Amino acid sequence: MLVIRPLQQSDLEDLYAMAQNAGKGLTSLPADRDLLQSKINHAQETFNQRCAPEAGLYLFALEDTETGKAVGISGIQARVGLDEVFYNYRLSVTVNASKELGVHVRTPTLHLSNDMTDISEICSLLLSSEYHGGGNGLLLSRCRFMFLDEFRKHFSEKVFAEMRGVSDEQGMSPLWDALGSKFFDMEFIEADMLSGLGNKSFIAELMPKYPIYLPMLPDSARAVIGRVHGNTAPALTMLKAEGFNFNGMVDIFDGGPVVEAFVHTIRTVRDSVNRYASVTRKAIDLDVPADKRVMISNRSFRNFRVTTVPASCVDIDTVSITPEVAAALQIESGDPVRLAPLKERSQVPAKENTAS
């Protein structure tokens, strides 16, 4: 059984192995034990409510209960830009016109921006390659929206995701080569890593404050602005299905797009319902296709848990679960749970006024 739960101290080696296999470009999860340990510590402080709400880092592990290993991770940053300034480029248009000459020129332009400050970010999505498929990536990503829905007071009304931009197998970025490298005496991977780890003061010190006129950049750089890395395309498709849209902002280093949505408009949030657990000894076939399963979560903040059950288990007031599922979710019969479709075609029987 695969279960979502808060990241634990015992997950360090599994997380390190996943980071090593992820390759270059995943700057929020570097293959560095000390840095990964600091993230685990931060997440535990957050779930134990030992840090300010706006400083929270919620990291969730996908655990294979048969092996006890963490095989995936996803996260939510409660707010960005409060300790270190958060930068993006905003795509805009600069218009120059002269009636006398009959000239009207529109020039696409990049403006350095801090517009995402104080907004919640979904981040750090990584799934072990051997667990790809079968709806596992959907569970890992969409569990975050169930948590956002359950504990909205800890987050902003709008959330965003900064998608990984285009780079080659060596980790080189066409946009960096054309722009960033002219102002930073370091390789793209190093600069992007520092930024992903929150060391952004050097950006303010070295990046040009004036608009960047795109026609002055080579075709190779302009072509990747607002585009995602091939490995990130499935994650972007998943977010679009949830209602996220490109907001005109891009990463300052690789040009990857920023997508955003209001929490109340996210599909998982809109379609979620509340039920009561009914633990049964009757046999339930849990091995059904992803489009016939629904996500089920307990409603605990500190011990948040999510797994999936067949949609056929859901009734108008209850959801039938096995003792094994109940143990995985740390619940008993009669406890309230939240349900949401795993895929767009999954159906959760609805009733009036069930979603909070």
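On the basis of being surrounded by 20 or more Cβ atoms within 10 Å (Cβ to Cβ) and farther than 23 Å from Ala52 by Cα, does Ser124 make the cut? Can you show your working first?
Values: surrounded by 20 or more Cβ atoms within 10 Å (Cβ to Cβ): yes; farther than 23 Å from Ala52 by Cα: no.
Against the criterion (surrounded by 20 or more Cβ atoms within 10 Å (Cβ to Cβ) and farther than 23 Å from Ala52 by Cα), Ser124 does not qualify.
If I ask for residues that are among the basic types (Lys, Arg) and either closer than 19 Å to Met193 by Cα or in a loop (DSSP other than H, G, I, E, B) (or both), which ones from segment 203-232 would you list? Matches in segment 203-232: Lys209, Arg227. The residues of segment 81-116 that are assigned to a loop (DSSP other than H, G, I, E, B) and either within 22 Å of the chain's Cα centre (by Cα) or among the charged types (D, E, K, R) (or both), listed by number, are Gly81, Leu82, Asp83, Glu84, Val85, Phe86, Tyr87, Lys99, Glu100, Asn114, Asp115, Met116.
Name the residue that is modelled with the lowest pLDDT, counting only residues in segment 314-348 that are under 24 Å from Ile266 (Cα atoms) and in contact with a Leu (Cβ under 9 Å, 6 or more places away or on another chain). Looking at the filtered set, the residue picked out is Val348. Among the residues of segment 228-239, those identified as exposed (fewer than 14 other Cβ atoms within 10 Å of the Cβ) and farther than 15 Å from Gly135 by Cα are Gly230, Asn231, Ala233. Filtered by the rule that a residue be crowded, with 17+ Cβ neighbours inside 10 Å and not β-branched (Val, Ile, Thr), segment 45-56 gives Phe47, Gly56. The single residue among Gly134, Gly165, Gly102, Gly81 that is farther than 30 Å from Asn274 by Cβ and surrounded by fewer than 16 Cβ atoms within 10 Å (Cβ to Cβ) turns out to be Gly102.
Restricting Val337, Val319 to those that are within 26 Å of the chain's Cα centre (by Cα) and in a strand (DSSP E or B) reduces the list to Val337.
For segment 1-54, name all the residues that are closer than 23 Å to Gly135 by Cβ and in a loop (DSSP other than H, G, I, E, B). Result: Met1, Leu7, Leu26, Leu29. For Phe246, the criteria (1) buried (at least 20 other Cβ atoms within 10 Å of the Cβ); (2) at pLDDT 95 or above hold in every case but one, which is (1). Exactly one residue out of Leu175, Leu148, Leu126 is part of a helix (DSSP H, G or I) and within 30 Å of Ser300 (Cβ to Cβ), and it is Leu148.
What about Leu59, is it touching a helix residue (DSSP H, G or I) at 6+ places or on another chain (Cβ under 8 Å), over 20 Å from Arg302 (Cα atoms), buried (at least 22 other Cβ atoms within 10 Å of the Cβ) and in contact (Cβ under 8 Å) with a residue 60 or more places away in the chain? Working first, answer last.
Working: touching a helix residue (DSSP H, G or I) at 6+ places or on another chain (Cβ under 8 Å): yes; over 20 Å from Arg302 (Cα atoms): no; buried (at least 22 other Cβ atoms within 10 Å of the Cβ): yes; in contact (Cβ under 8 Å) with a residue 60 or more places away in the chain: yes.
The answer is no for Leu59.
Beta carbons closer than 9 Å, at least 6 apart along the sequence or on distinct chains, pair a first residue in segment 39-56 that is in contact (Cβ under 8 Å) with a residue 12 or more places away in the chain with a second that is of a type in the set (Ser, Thr, Tyr) and in a loop (DSSP other than H, G, I, E, B) for Lys39/Ser28. Is it true that some residue in segment 290-305 is part of a strand (DSSP E or B) and surrounded by fewer than 22 Cβ atoms within 10 Å (Cβ to Cβ)? Checking segment 290-305: not a single residue is part of a strand (DSSP E or B) and surrounded by fewer than 22 Cβ atoms within 10 Å (Cβ to Cβ).
When residues in segment 11-30 are screened for being free of Cβ contacts under 8 Å to residues at least 60 places away in the same chain and farther than 21 Å from Gly137 by Cβ, 2 of them pass. You will find that of Phe145, Phe151, the residue that is surrounded by 21 or more Cβ atoms within 10 Å (Cβ to Cβ), within 20 Å of the chain's Cα centre (by Cα) and within 28 Å of Lys240 (Cα to Cα) is Phe145 and no other.
The values are calculated or read from the model by the stated rules, or taken from the named source; none is laboratory data. All values derive from a computational prediction rather than experimental measurement. Backbone-built Cβ (ideal geometry, glycine too); neighbour counts: all protein chains shown.
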